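The values are calculated or read from the model by the stated rules, or taken from the named source; none is laboratory data. Owing to the predicted nature of the structure, the values given are computational and were not obtained by experimental measurement. Please note: Cβ atoms are built from the backbone with ideal geometry, for glycine as well, and neighbour counts cover all protein chains shown.
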Amino acid sequence: MFQSSDKKEIYYKTDEEVELIREACILNCQTIAYVGSLIKPGLTGKFLDEKAEEFIRDHNAVPAFKGYGANPFPNTLTISVNEQVVHGIPSNREFLDTDIVSVDCGVMLNGYFGDAAYTYAMPNISSSVMKLLQVTKLSLYKGIEQAIVGKRIGDIGFAIFELCEKQNKFGVVRDLIGHGLGKNLHEDPDVPNHGKRGNGVVLRKNLVIAIEPMINMGTKDVYSTGDGWTIITKDRKPSAHYEHTIAVRPNKAEILSDHSFIEEAEKKNENILAVTI
Ligand code: MG
Ligand code: MG
């Protein structure tokens, strides 16, 4: 997400740089986990956003989204509820027990960026919405399975699309995509959530990319609301978003953004449901 306008050449990282990105990613996931330990019906996105910013700054890092873009994003987290797909501005609306809440966070630590997102489930969501979350989360791992040396960018999108749209009839958002990252929050290449097998950029060792399926219960079509940031589904049906930052390796991609922090917090929090796949 956050489309970049000043794309550069693809830059393959050194092993040292991959380690620095991993450190940023771990702090980033610990931030999303901290949010996951607090989140419950009745809280607001604004409250969680303040907590997340405090947490990041206490760890000598900088929120990556705050001030981003030509129309500077005002907050640390993007919090996108229900029909909001991504880029939701944290607000004073209290979460309902039937909401799904997508939390996207980025940090910059020691000059390198980490990016990840997770959709949390409030306790009384319907089974069909839970299925949307499970399929979206599973599709992220199907995409990651393809991110190995010698495959192509199109293989990642193909795997996500097959599971979400072909098999489960969910809408795969086309207008927003994953991306490379490193010293910049957004670098080449683009990483769409649909694609043709064997098409696109060849994946080489130490290419670092964010894979981030944004999957809608209904239509794939989305639009931008009047605040200049929030993207919502055209039919107002719910949308889910899971994201990892990974490094391409020969036989198995290396996940740099460890979601286990998030999943532990999610399991311990009795006020939400765990999204298990
Ligand atoms: Mg991203
Ligand atoms: Mg993100």
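Things worth noting here:
- Index of the failed condition, Asp190 passing every other in (1) within 16 Å of ligand 1 (Cβ to nearest atom); (2) part of a loop (DSSP other than H, G, I, E, B); (3) surrounded by fewer than 23 Cβ atoms within 10 Å (Cβ to Cβ): (2)
- In summary, strands (runs of 3 or more DSSP E) completely within the stretch 1-112 and bearing 3 or more residues that are within 16 Å of ligand 1 (Cβ to nearest atom) and touching a Gly at 6+ places or on another chain (Cβ under 6 Å) occur at 77-81.
- Enumeration of residues in the stretch 221-261 that are polar (S, T, N, Q) and not in a strand (DSSP E or B): Thr225, Thr230, Asn251, Ser257, Ser260
- Meets criteria (more than 16 Å from ligand 2 (Cβ to nearest atom) and assigned to a helix (DSSP H, G or I)) for Lys137: no
- Inter-residue pairs, beta-carbon under 7 Å, first without any contact (Cβ under 8 Å) to a residue 12 or more places away in the chain and in the stretch 194-220, second assigned to a strand (DSSP E or B) and surrounded by fewer than 18 Cβ atoms within 10 Å (Cβ to Cβ), 6+ apart: none
- Qualifying residue in the stretch 155-165 (condition: within 24 Å of Ile32 (Cα to Cα) and within 16 Å of ligand 2 (Cβ to nearest atom)): yes
- Checking Ser128 against (1) away from ligand 1 (no atom under 15 Å from the Cβ); (2) outside any helix (DSSP H, G or I); (3) of a type in the set (Gly, Ala, Ser), the condition it does not meet: (2)
- No other residue among Gly150, Gly111 is under 18 Å from Arg22 (Cα atoms), surrounded by fewer than 22 Cβ atoms within 10 Å (Cβ to Cβ), of a type in the set (Gly, Ala, Ser) and more than 14 Å from ligand 2 (Cβ to nearest atom) apart from Gly111.
- Qualifying residues in the stretch 231-261 (those that are closer than 16 Å to Pro213 by Cβ and either aliphatic (A, V, I, L, M) or without any contact (Cβ under 8 Å) to a residue 60 or more places away in the chain (or both)) - the one surrounded by the most Cβ atoms within 10 Å (Cβ to Cβ): Ala240
- As for the stretch 202-223, it holds no residue that is buried (at least 23 other Cβ atoms within 10 Å of the Cβ), modelled with pLDDT of 95 or more, among the hydroxyl-bearing types (Ser, Thr, Tyr) and in contact with a Ser or Thr (Cβ under 9 Å, 6 or more places away or on another chain).
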